[in-house]
Amino acid sequence: MKIAIAGKGGVGKTSLAVWIGDYLARQGEEVWLLDADTALSLGQALGLPESDIPLPLIQEKELIRERVGEGFIRLNPPVDDLPERLSRKVANLKLLVMGTIAGAGGGCACSANALVKALLAHLIMENRQWVIVDLEAGVEHLGRGTIESVDGLIVVSEPSMRSLQTASHISVLAREMGLPRQALVINRVPGDFRMPDIEGLPPLTATIPLLPSLASRQLASSSVLDLAERDKLDRIAAKIISAIRN
């Protein structure tokens, strides 16, 4: 199953990608985590030191030149061997860092984006394992053909009007691109939260409360794994997956 996760910057979509991936991996599933966000923080959220985080594909200049060429570039380069070659295994998860891919889905002919787009398409359309893509705030850069092959979109928001309006925009855009199966997750929710009436939002699937153990470790570690609230997060992950599947 292929899941994309989007939302306004800073809402916690990277953390959610790790929590869902970790939950699935502990159920015995093979899971690929794709970092397609400019912030490139998925490896840090997994607890990897900087030296162990794979170089973003977008920066692999020699590889890009080899597969795509220069001048008249190859728009469908061979990529079958790249997932295993470029990924980093973390417990039962496989991390692949794409780098920023703005424009890769919409007619951009630059060499780096051609390779990134081809690899994304390969993983999403042909890979049979779980693939979780941590997106930037928006889904335009994946392109219509790739989005149609994703099984579902998780839109993450904070409990604020600005964040929820961004979530609504992302949701509407994704539906226009052929992705109606969506779930809304609201992160860092206080006990007195009430959902405002905002047109265009996907169905509210889950809320994540403030996590004391995460707050207490943030200055000491970038990892979001093995929190004291893991059982609660597992139940939330299972609920989200069930909603995307149905």
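If you check Asp192 against the conditions, is it farther than 23 Å from Arg128 by Cα and acidic (Asp, Glu)? It is true that Asp192 is farther than 23 Å from Arg128 by Cα and acidic (Asp, Glu). In the range 168-196, how many are of a type in the set (A, V, I, L, M, F, W, C), within 15 Å of the chain's Cα centre (by Cα) and at pLDDT 95 or above? Total meeting the criteria: 3.
Say we look at the range 223-241 and pick out the residues that are of a type outside the set (Val, Ile, Thr), touching a helix residue (DSSP H, G or I) at 6+ places or on another chain (Cβ under 8 Å) and farther than 17 Å from Val11 by Cβ; which of these is surrounded by the fewest Cβ atoms within 10 Å (Cβ to Cβ)?
Filtering the range 223-241 for residues of a type outside the set (Val, Ile, Thr) gives 223, 225-235, 237-239.
Within this subset, residues satisfying the condition of being touching a helix residue (DSSP H, G or I) at 6+ places or on another chain (Cβ under 8 Å) are 223, 225, 227-229, 233-234, 237-238.
Narrowing further to those that are farther than 17 Å from Val11 by Cβ: 223, 225, 227-229, 234, 238.
Details: Ser223: 16, Leu225: 18, Leu227: 18, Ala228: 12, Glu229: 16, Asp234: 16, Ala238: 15.
It comes out as Ala228.
Selection within the range 192-221: residues that are in contact with a Gly (Cβ under 8 Å, 6 or more places away or on another chain) and surrounded by fewer than 16 Cβ atoms within 10 Å (Cβ to Cβ). The member of this set that is nearest to Ser149 (Cα to Cα) is Pro209.
In the range 10-38, which residue that is assigned to a helix (DSSP H, G or I) and within 11 Å of the chain's Cα centre (by Cα) is farthest from Asn92 (Cα to Cα)?
Among them, the one singled out is Lys13.
Within the option set Arg162, Arg175, Arg194, being of a type in the set (Lys, Arg), farther than 25 Å from Leu46 by Cβ and part of a loop (DSSP other than H, G, I, E, B) holds for one residue only, Arg194. Candidates in the range 180-191 are the residues that are in a loop (DSSP other than H, G, I, E, B) and without any contact (Cβ under 8 Å) to a residue 60 or more places away in the chain; of these, the one that is surrounded by the fewest Cβ atoms within 10 Å (Cβ to Cβ) is Gly191.
With respect to the conditions (1) out of contact with any Gly (no Cβ under 9 Å at 6 or more places or on another chain); (2) under 18 Å from Val131 (Cβ atoms), Val90 lacks only one, and its number is (1). Among the residues making up the range 42-59, a single one is surrounded by fewer than 17 Cβ atoms within 10 Å (Cβ to Cβ), of a type in the set (S, T, N, Q) and in contact (Cβ under 8 Å) with a residue 40 or more places away in the chain: Gln59.
Within the option set Glu66, Glu84, Glu62, being free of Cβ contacts under 8 Å to residues at least 40 places away in the same chain, out of contact with any helix residue (DSSP H, G or I) (no Cβ under 8 Å at 6 or more places or on another chain), under 16 Å from His122 (Cβ atoms) and surrounded by fewer than 18 Cβ atoms within 10 Å (Cβ to Cβ) holds for one residue only, Glu84.
The values are calculated or read from the model by the stated rules, or taken from the named source; none is laboratory data. Given the structure is predicted, the values throughout are model-derived calculations rather than measurements. Ideal geometry is used to build each Cβ from the backbone, glycine not excepted, and the neighbour counts take in all protein chains shown.
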